[in-house]
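J.: Encoded as structure tokens, here's the structure I'll be asking about.
The values are calculated or read from the model by the stated rules, or taken from the named source; none is laboratory data. Because the structure is predicted, anything quoted here is derived from the model rather than measured. Positions of Cβ are backbone-derived with ideal geometry, glycine not excepted, and every protein chain shown enters the neighbour counts. For the accessible areas, the whole protein counts, side chains as well, though only heavy atoms, and no ligand, DNA or RNA atoms are used. Shrake-Rupley method; radii C 1.70, N 1.55, O 1.52, S 1.80 Å.
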Amino acid sequence: MTAFAFDLPWPRPASGCAVPYAVFTAQEVFAVEQARIFRGPHWSFVGLAVEVPAPGDFKTTYVGAVPVILLRDRDGELVVLENRCAHRGALVCRELRGRQSRLACVYHQWTYDLHGRLLGVPFRGGIEGRGGMPADFDPAAHNLNRLRVACLHGLVFASFDHDVEPLEDYLGEMVVASIARLCARPLKLLGDQRQFMRGNWKLYAENTRDPYHASLLHLFHTTFGLYRSSQQGATLMDPRHRHTMLYTKAATSSATVDAEVYQDVRSYDTRFKLADPSLLAGRKEFDDGITLVILSVFPNLVLQQIANTLAVRQLCPRDAASFELVWTQFGYADDDAEMDAIRLKQANLIGPAGFVSMEDGEAVEIVQRAVAEAGDAHSYVAMGGGRAEDAAHLVTESAIIGFWEAWRAAMGVPES
Amino acid sequence: MDFLALSPLERQYEVEQLLARYVHCIDDDRLEAWPEFFTRRCDYRIVARENAERGLPLATIACDSRGMLEDRVVSLRNANIYGWHRYRHLVGSVLLLEVHAEEIVARSHYAVFRTRGEGVGETYSVGTYDDHIVFDEGQLRFRAKLVTYDTHRIDSLLATPL
Ligand code: FES
Ligand SMILES: [Fe+2]
């Protein structure tokens, strides 16, 4: 890897970790990320296999900031193509979703098969001896760019780098097991939500690796006397610290511990009771007693279980200062009507209007606004001891430190 | 009230008045009064059109009781954290699709302009209201209100109801 394209001094405080705010604002950093992370040897999440159930079904999405098409070919195989015509660069698929037996660019009607192979070029032989492509024109050299694809329990990943390590090695044991736990049964699509955030995508990557903020920023549970930060939980990473799993198990906290923990914290307030607690009526689904999992997979996926809500969140970076977050909520194909109703009601908790998630939109934006012109200032990340280590609790920022180690390794940002 | 006993003009007037009171209530930030626009058992849903068109059931907000609406307001006032903003709803093209003795089904268009803390305004949400209106406990209320938004990329977050 060549040296980093510009100067990005990485401060080293005596303890903890410091992140220069330039990583959230500099367009140069964004450009290098596109090359080294999103077009580099990593797997990006592109969708659920159930989103394209039949041959010819497609949806358009992004890998990094690059538009791509996820589709199912005639044999049922999943294919991911860069959504850019080999002629003069137009979007080949202009719809969000659809079904097509081949792909046709509207600009000059170059057509491709579902593997992106160029099938036809109008007027290739000219009209009445005039025009036409040169004699040495080789259609096989003008296919759509095809990405490498892998699917794990219905989650589809793609990589621009055909030499990338196999998906399961990339994800590692912890992530593979966590995906299997939530997705090994056939999935049922419930719907999408799209949230546009005016902040750098890595602010959200930090946010979902940050259990410290959970009970301090998201006050819904504490306000209604429903949340216990002293719940048993853990913060775990894969060996390369790319991916993080946060989880909690319910019902291991006591009222006395809560009173201590929340002393002088604005969030301890049980004056309020839900008028209609049916919102939280749920079913135990997993024998392990885990009620919350936030699995952050580098670079662009969050897989979550919050009570009975299940969702993938796909990060689509737009530019240095904005990204789109696509929430796709799902259940299981064999859910009964009551389970459907539970998931749809609990969906009030999550998404862009979610009782326990809307604040993340605000958090991302207030950081971006404040760091826009921060010069060489930096953050300070040390809760939990200041090292990228697993923790048997949630009072830690260790996974954020792990993320930045992984990000620097991927970007080639040297230790300074 | 027997809706069939009203003239078409009277029905149209009643429905448009209800819609006007509803959006003024939200836009004046009188959210505590907002649940009163609904019957005790109700169906209030905010749904992305991209889901509705695919027949997918996910709603961004879904409340099936006035209690859930009240909880949303208490949460917005006391728990949730979001930036200061103001809405202005414009509602128009109000069509009465069905008139029964005890219920009117109406569809209208809405647009919400949102102004944020720094005085920046934008078109925040555009879509349709599908309303089932009944006369209940002395006033017109929504038995069902389905808000289907075309603008499926929600800007930042959705706190105040539509
Ligand atoms: S740009 Fe696609 S056919 Fe010309
Ligand atoms: Fe959060």
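J.: In square angstrom and rounded to 100, what buried accessible area do you get between chains A and B, total over both, with the probe at 1.4 Å?
T.: Counting both chains, the buried surface is close to 3400 Å².
J.: Taking the Cα-to-Cβ direction at A:His108 and at B:Arg54 and moving 7 Å from each Cα, how far apart do the two end points lie in nm?
T.: The answer from the label model is 3.4 nm.
J.: If you don't mind, another one. Quick check: residue separation of B:Glu10 and B:Arg107 times 0.36 nm, minus the Cα distance between them. What number comes out in nm?
T.: 33.2 nm
J.: Sticking with this one: Please calculate how many Å² of accessible area chain B carries per residue, with a 1.4 Å probe and no DNA, RNA or ligand atoms counted.
T.: Value for chain B: 43 Å² per residue.
J.: Related question: With a point put 7 Å past each Cα toward its Cβ, work out how far A:Arg130 is from A:Gln100 in nm, to one decimal.
T.: Label-label distance for A:Arg130 and A:Gln100, simple model: 3.1 nm.
J.: If you count, for each residue, the other Cβ atoms within 10 Å and average over each peptide, how do A:167-177, B:44-54, A:348-358 line up from highest to lowest?
T.: Answer by packing, highest mean first, reads A:348-358, B:44-54, A:167-177.
J.: Would you tell me the mean number of C-beta atoms belonging to other protein chains that fall within 10 Å of each C-beta in B:69-77, as a whole number?
T.: The shielding value for this peptide is 5.
J.: Follow-up. Given 0.36 nm per residue, what is the gain on full extension from B:Thr151 to B:Glu32 after removing their alpha carbon distance, in nm?
T.: 40.2 nm
J.: Can I ask one more? Note down the nm distance, to one decimal, between modelled labels 7 Å out along Cα→Cβ at B:Arg21 and at B:Arg88.
T.: 2.4 nm
J.: Once R0 is set to 45 Å, what does the formula 1/(1 + (r/R0)^6) return for the Cβ-Cβ distance between A:Ala281 and A:Ala372, expressed as a FRET efficiency to the nearest 0.05?
T.: 0.55
J.: If I compute solvent accessible area with a 1.4 Å probe over the protein chains, what percent of it on the protein assembly as shown is carbon and sulfur?
T.: 52 percent
J.: Angle check, please: helix B:8-27 long axis (alpha carbons) against the longest principal axis of chain B (alpha carbons), in degrees 0 to 90, nearest 10.
T.: The two axes meet at around 20 degrees.
J.: Another question, if that's okay. Rank these residues by their accessible area, most exposed first, probe 1.4 Å: A:Met411, A:Met245.
T.: Per-residue accessible area, sorted high to low, gives A:Met245, A:Met411.
J.: Within the range A:104-121, list the residues whose amide N lies under 17 Å from a label point set 7 Å along Cα→Cβ of A:Arg88.
T.: Label zone hits: A:105-111, A:121.
J.: How long, wide and thick is the protein assembly as shown, going by the Cα atoms along their three principal axes, in whole angstroms, largest first?
T.: Largest first, the protein assembly as shown extends 80, 76, 48 Å along its Cα principal axes.
J.: By how many degrees, 0 to 90 and rounded to 10, does the Cα axis of helix B:66-78 deviate from the longest principal axis of chain B?
T.: So the helix axis and the longest Cα principal axis differ by about 30 degrees.
J.: Per-residue Cβ counts within 10 Å, from other chains only, averaged over B:42-50: what number is that?
T.: For peptide B:42-50, the averaged partner shielding equals 2.
J.: For q = 0.11, 0.18 Å⁻¹, what log10 I(q)/I(0) does the range B:3-149 give under the Debye formula with an equal point scatterer on each alpha carbon and no solvent?
T.: Log10 I(q)/I(0), no solvent term: -0.44, -1.18.
J.: Please compute, for peptide A:354-366, the average count of beta-carbon atoms on other protein chains lying within 10 Å of each residue's beta-carbon.
T.: Counting other chains' Cβ atoms within 10 Å and averaging over A:354-366 gives 5.
J.: For chain A, what does the helix formula give at 222 nm: sum of -39500 (n - 2.57) over DSSP H segments with n ≥ 4, over the residue count, nearest 500 deg cm²/dmol?
T.: -6000 deg cm²/dmol
J.: Which parts of the range A:267-307 would a label at A:Lys249 reach, counting a residue when its backbone N lies under 12 Å from a point 7 Å out along Cα-to-Cβ?
T.: Once the point is set 7 Å along Cα→Cβ of A:Lys249, A:287-291 turn out to lie under 12 Å by backbone N, inside the range A:267-307.
J.: Here is a further query. Per the helix-only calculation at 222 nm, which mean residue ellipticity applies to chain B, given -39500 (n - 2.57) for every DSSP H run of n ≥ 4 and division by its residues, nearest 500 deg cm²/dmol?
T.: -7000 deg cm²/dmol
J.: In whole Hz and in residue order, list the ³J(HN,Hα) couplings for the range B:139-153 that follow from phi through the Karplus curve 6.51 cos²θ - 1.76 cosθ + 1.60, θ = phi - 60°; x for Gly and Pro.
T.: Per-residue couplings from phi come out as 8, 6, 9, 8, 7, 9, 9, 10, 9, 10, 9, 6, 7, 6, 8 Hz.
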